[in-house]
Amino acid sequence: MGSVGLAVLFMSILGGAMGLGLAIAAQKFAVEVDPRQKEIMDALPGANCGACGYPGCMGYAQALVEGKTETTLCAPGGKSLVEDIAKILGLEAGDIEEKIAVVRCQGTEANCSSDARYVGVTSCRACQILAGGTKTCTHGCLGFGDCVDVCPFGAIEIGKEKLPIIYPDKCTGCGKCIDACPRAIIDLQPTKQLTHVLCINTDKGAKANKVCKTACIACRKCVKKCPFDAIKITNFVAAIDEEKCRNCGLCTEACPKNCIIDGAAGERKQAYIQDTCTGCGACVSICPTEAIKGEEGSRHEVNPVKCVGCEACIDSCPVSAIMMRDNK
């Protein structure tokens, strides 16, 4: 056997010995993985979006089995996943508030003009860094789609009017679009919250009105109209308190700039008073739109034209005689 053959033989033996050594070491020093971690990994959506605050689904699964975190942090998984994880870990399922991304801007080309032309990398962040943006409103959406690029669920696209469109059936509330937006115009809102202020311009009214047709001008008409004290003016822009808001839509009607949207329009349920009504009148005194009438001691009735579905009357009824039903 020649020198070349001996060299090949030696390297083969050496390689085999090293491989055997590595195999023995791997077996000896192997870290035992909790079998529950694999079960949780199989249950997780696998998007690795980071909404839970951990580096991917594996990091979250490991933290769960080690008891270092909560079962309710995976927004894409929703309530059903929370229940699955709790079952695997032998815990009680916690509550998770499902949320959806909301674009708080209506700065279309018709509403908000441009004062510069940007030529460069197709990126909102790049445009913001280089030129400070191109819109006359320094708070408005730039429309290049950084949010679209980072969405792992295909829930966002840039529409014809150069604004992001979010599809509720695909959005999981992971929040990646929020981190990607250099102008912070995207918020996460509870899915039950249907009324939104679509403006974040904190300039004073006159200046905001000058740069965008649908900018909030802090006129306070929505504040005065809201019967539940759910709207405040903060830094010259309206802000809705989700805990107090009842999605009645009265603020939308009051807004002269059309910057508050009523997502419940057309789907809002209405109050119906049943035969068990004692005619005490508690609902009459609390109804913000004077939609309930009736004689004392007799069953009251609801005017469907005036009812805004706020459910304040339900809370006030001492005999639980009021229910909500579809608007027909």
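At a 1.4 Å probe radius, carbon and sulfur cover how many percent of the accessible area of the chain?
Working: 10050 of 19020 Å².
Carbon-and-sulfur percentage of accessible area, whole number: 53.
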## Note on the structure
Per the C-alpha gyration tensor (a ≥ b ≥ c, the square roots of its eigenvalues), segment 284-328 is rounded if a/c is under 1.5, else prolate if a/b beats b/c, else oblate; here it's rounded
### Query
T195's amide H: which non-local residues (gap 5+, or another chain) put their own amide H closer than 5 Å, with H modeled 1.01 Å from N in plane and none for Pro or chain starts?
G263
### Normalised contact order of the chain, rounded percent, pairs of Cα under 8 Å and 6 or more residues apart
11
### Alpha-carbon centroid distance for the pair segment 246-267 / segment 54-117, whole angstrom
27
### Karplus-derived HN-Hα couplings along segment 97-108 (A = 6.51, B = -1.76, C = 1.60, θ = phi - 60°), whole Hz, x at Gly and Pro
8, 6, 10, 9, 6, 10, 7, 8, 7, 10, x, 6
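Hey, what's segment 142-294 come to in accessible area per residue, 1.4 Å probe, Å²?
On the way: 7810 Å² over 153 residues.
Dividing the accessible area of segment 142-294 by its residue count gives 51 Å².
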## Note on the structure
With every protein chain in place, the accessible area of K192 for a 1.4 Å probe, in Å² rounded to the nearest 10, comes to 140
### Task
Can you grab the distance from the C-alpha centre of segment 136-207 to the C-alpha centre of segment 282-328, Å, no decimals?
37
#### Entry: Qualifying aspartates and glutamates (Cα of each under 18 Å from Cα of K176; at least 8 residues distant if same chain)
E97, E98, D146, D149, E157, D187
### Summary
In whole Hz, the Karplus estimates of ³J(HN,Hα) for segment 243-254 (6.51, -1.76, 1.60; θ = phi - 60°; x where Gly or Pro) are 6, 9, 5, 10, 6, 7, x, 5, 5, 5, 5, 7
#### Entry: For segment 178-185, 3J(HN,Hα) per residue [Karplus equation, 6.51 cos²θ - 1.76 cosθ + 1.60, θ = phi - 60°, Hz, x = Gly/Pro]
5, 5, 7, 7, x, 10, 6, 8
### Query
Once mean projected area of the Cα convex hull in nm² is worked out from the coordinates, which option in (1) 15.8; (2) 31.2; (3) 27.8 does it equal?
(3)
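If you rank L188, L198, L91 by how much accessible surface each has, with a 1.4 Å probe, what is the order from largest down? Intermediate results must be reported in sequence, preceding the final value.
Values: L188 50, L198 20, L91 100 Å².
The ranking, largest first, comes out as L91, L188, L198.
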### Task
Check the straight Cα-Cα distances from K224 and name the lysines below 21 Å, setting aside those fewer than 8 residues away within the same chain.
K204, K232, K244, K257, K306
### Query
Can you list residues whose amide H is under 5 Å from S113's amide H, if they're 5+ apart or on another chain and H is modeled 1.01 Å from N?
T136
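The values are calculated or read from the model by the stated rules, or taken from the named source; none is laboratory data. What you see is a predicted model; the values in this text were computed from it and never measured. Side chains included, ligands, DNA and RNA excluded: accessible areas come from the protein's heavy atoms. Shrake-Rupley method; radii C 1.70, N 1.55, O 1.52, S 1.80 Å.
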